[in-house]
Amino acid sequence: MTVDKPLVVLTGAGISAESGVPTFRGQDGIWQDYRAEDLATPIAFERDPELVWRFYAWRRELVSGCQPNQAHHLLVDLEIKSSQFTLITQNVDGLHKIAGSQNVLELHGSLWELQCTNCKSKWPNHDVPFAEFPPLCPFCSSLARPAVIWFGESLNPDTLDRAFKVSSNAATMLVIGTSALVHPAAQLPIIAQLNGASVIEINPEETPLSSRMDEIFRTSATEGVKRWYDQQYWVD
Ligand code: NAD
Ligand code: ZN
């Protein structure tokens, strides 16, 4: 049976927590004595590209040892069941694509792509371990960087535009494992709701969005997605 109403899912770092990928918030000391928020910035890269590079090399290595979990897999199943399905993720770990999700908007980019700091070309790179130093762009020989959106940078306008469009057109939006502190991603559930969507939060902790949600599963992503899935009409 297929679902013909537009279903949109917004995910954050919390959906990958049960795969073993640490979140930024809710725990201290993600990496040595630095805060992720101080390393994932253009200023940090300008000041010390090698330090930032080592942070990404560490994150790649960590993620390469992780597998998608049941929540990622159920979202693949939902995409198969839905005629209009979009997954918007703030995650850069690539686990949704590894699980098999097809229509994915990676709002904040991907750990598995590099980008030239000068000509802005992008290219895939799956090396683990990563090179010790940032490589040079194959097109213009300038310094390469991870193709992720850093704190203080703007999102890709086309990706953001598509995210706003599908959100305003959603009948249902699942909001899974995001602290809803990073904008503009945190606005998407509000846009969806203002345009008539029923918005459901799955998160073990309260967020700034919680008070306006239509339904809340105050539990982990795997448990919450399974419970929501099991209460849909396609389940006998
Ligand atoms: P966040 O780190 O700010 O918040 C994580 C949220 O997940 C919290 O609300 C927490 O309560 C919830 N959570 C923790 N365990 C959970 C579980 N088992 N199931 C469901 N929810 C759980 O994450 P964010 O809102 O995505 O924003 C942080 C930014 O950092 C984003 O831009 C994101 O790209 C980036 N980030 C990405 C990754 C990744 O790719 N896996 C990891 C860390 C940070
Ligand atoms: Zn270049």
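The values are calculated or read from the model by the stated rules, or taken from the named source; none is laboratory data. Keep in mind that what you see is a predicted model, and the values were worked out from it rather than measured. In this analysis, Cβ positions are derived from the backbone assuming ideal geometry, glycine residues included, and neighbour counts consider all displayed protein chains. Calculation scope for accessible area: heavy atoms of the full protein, side chains included, ligands and nucleic acids excluded. Shrake-Rupley method; radii C 1.70, N 1.55, O 1.52, S 1.80 Å.
Structure summary
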{"read-out": "Positive minus negative residues near N156 (Lys, Arg vs Asp, Glu; Cβ under 11 Å)", "value": "-1"}
{"read-out": "Region 86-236, accessible surface, carbon-and-sulfur percent (1.4 angstrom probe)", "value": "49 percent"}
{"read-out": "Computed over the chain, Cα set: Rg, Dmax in Å", "value": "18.0, 58"}
{"read-out": "Potential lengthening between Q70 and E206 on full extension [0.36 nm per residue; Cα-Cα distance subtracted]", "value": "46.7 nm"}
{"read-out": "Bridge type composition, the chain - antiparallel percent by DSSP, nearest 5", "value": "30 percent"}
{"read-out": "Proportion of all alpha-carbon pairs of region 98-235 beyond 18 Å (%)", "value": "65 percent"}
{"read-out": "Over region 106-190, relative contact order from alpha-carbon pairs under 8 Å, at least 6 apart, %", "value": "29 percent"}
{"read-out": "Net charge of neighbours whose Cβ lies under 12 Å from the Cβ of N91, counting Lys and Arg as +1 and Asp and Glu as -1", "value": "0"}
{"read-out": "Accessible area (Å², per residue) of the chain, counting only protein heavy atoms and a probe of 1.4 Å", "value": "48 Å²"}
{"read-out": "Local electrostatic count, T172, Cβ distance below 11 Å [Lys/Arg +1, Asp/Glu -1]", "value": "-1"}
{"read-out": "Qualifying chymotrypsin sites (Phe, Trp or Tyr not before Pro) for region 125-166 [loop in DSSP, other Cβ within 10 Å: at most 16]", "value": "F139, F151"}
{"read-out": "Percent RCO, i.e. relative contact order, over the chain, from Cα pairs under 8 Å lying at least 6 residues apart", "value": "23 percent"}
{"read-out": "Where only alpha carbons of region 42-175 are counted, the Rg and the Dmax (Å)", "value": "16.3, 48"}
{"read-out": "At most 15 other Cβ within 10 Å, DSSP loop - trypsin sites (Lys or Arg not before Pro), region 115-215", "value": "K120"}
{"read-out": "Cα-based reach from K122 at 27 Å (exclusive), listing lysines while leaving out same-chain residues under 8 positions away", "value": "K97, K165"}
{"read-out": "Dimensionless Rg ratio for region 135-182, taking C-alpha atoms and the 2.2 N^0.38 Å reference", "value": "1.67"}
